[in-house]
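Structure first, then comments.
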Amino acid sequence: MTELGDQRPAHEAASATSRRTVLRAAGLLALTGTGAAALAGCSADAETGAPSATSAAETTASTASPSPTADATSPKPSASQAKAPNGPSVATSKVPVGGGVILADADYVVTQPSKGSYKAFSKICTHQGCPVASVENSSIHCNCHGSEYSIADGSVTNPPATKPLAESKTAVFQGKVYVTG
């Protein structure tokens, strides 16, 4: 015996369940703006060639007013579902405006030349390969020979270095600045 209270052979009862499942899926697709007409031919009856008990008009009507269950189970995008970028990172709160941070566990300096604008540069001085030592007064300093670089674009602001620091891309995600490449 099925939910409907009538007696049908087992293969017909399974078809009714399959139609119900297809209609629920069509309702969910209607919520996302995808047409459900393509699903009308997906029931078990359509596979066996038997006529469907559900007309196209009934299918359209059932998808036009989705059930509360479909509404409650619809996936909703959220920030927690997004993935953090790959690469070394530092909390945005640790990078001062007009200054920067030298990452201890990666070969980068992350700077914030203006509020909300983050940059990343190689922390290896282009003069003789020493790691830079500090970020002060809007400059990245190398103590080996006195070279200095701009926190805005990595350009040389004080020789003996002649080449700028290599810049890398950054991405801000959930309160962190990531060096992405």
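The values are calculated or read from the model by the stated rules, or taken from the named source; none is laboratory data. Quick caveat: nothing in here was measured; it's all calculated off a predicted structure. Note that we place each Cβ from the backbone using ideal geometry, even for glycine, and neighbour counts take in every protein chain shown.
Within the range 132-151, not a single residue is touching a Lys or Arg at 6+ places or on another chain (Cβ under 9 Å) and either surrounded by fewer than 14 Cβ atoms within 10 Å (Cβ to Cβ) or not hydrophobic (A, V, I, L, M, F, W, C) (or both).
Filtering the range 125-149 to residues that are outside any loop (DSSP other than H, G, I, E, B) and either among the β-branched types (Val, Ile, Thr) or touching a residue at least 40 places away in the same chain (Cβ under 8 Å) (or both) leaves 135, 140. The number of residues in the range 108-124 that are over 12 Å from residue 96 (Cβ atoms) and either free of Cβ contacts under 8 Å to residues at least 12 places away in the same chain or not hydroxyl-bearing (Ser, Thr, Tyr) (or both) comes to 8. On the basis of being in the same structural domain as residue 95 (by TED's automatic domain parsing), hydroxyl-bearing (Ser, Thr, Tyr), assigned to a strand (DSSP E or B) and out of contact with any helix residue (DSSP H, G or I) (no Cβ under 8 Å at 6 or more places or on another chain), does residue 162 make the cut? It is false that residue 162 is in the same structural domain as residue 95 (by TED's automatic domain parsing), hydroxyl-bearing (Ser, Thr, Tyr), assigned to a strand (DSSP E or B) and out of contact with any helix residue (DSSP H, G or I) (no Cβ under 8 Å at 6 or more places or on another chain). Screening residue 104 with (1) in contact with a strand residue (DSSP E or B) (Cβ under 7 Å, 6 or more places away or on another chain); (2) closer than 25 Å to residue 145 by Cβ; (3) surrounded by fewer than 11 Cβ atoms within 10 Å (Cβ to Cβ) gives one miss only, at (1). The one condition from (1) touching an Asp or Glu at 6+ places or on another chain (Cβ under 7 Å); (2) more than 21 Å from residue 175 (Cα to Cα); (3) modelled with pLDDT of 50 or more that residue 121 does not meet is (2). Among the conditions (1) surrounded by 17 or more Cβ atoms within 10 Å (Cβ to Cβ); (2) touching a His at 6+ places or on another chain (Cβ under 6 Å), residue 121 misses just one, which is (2).
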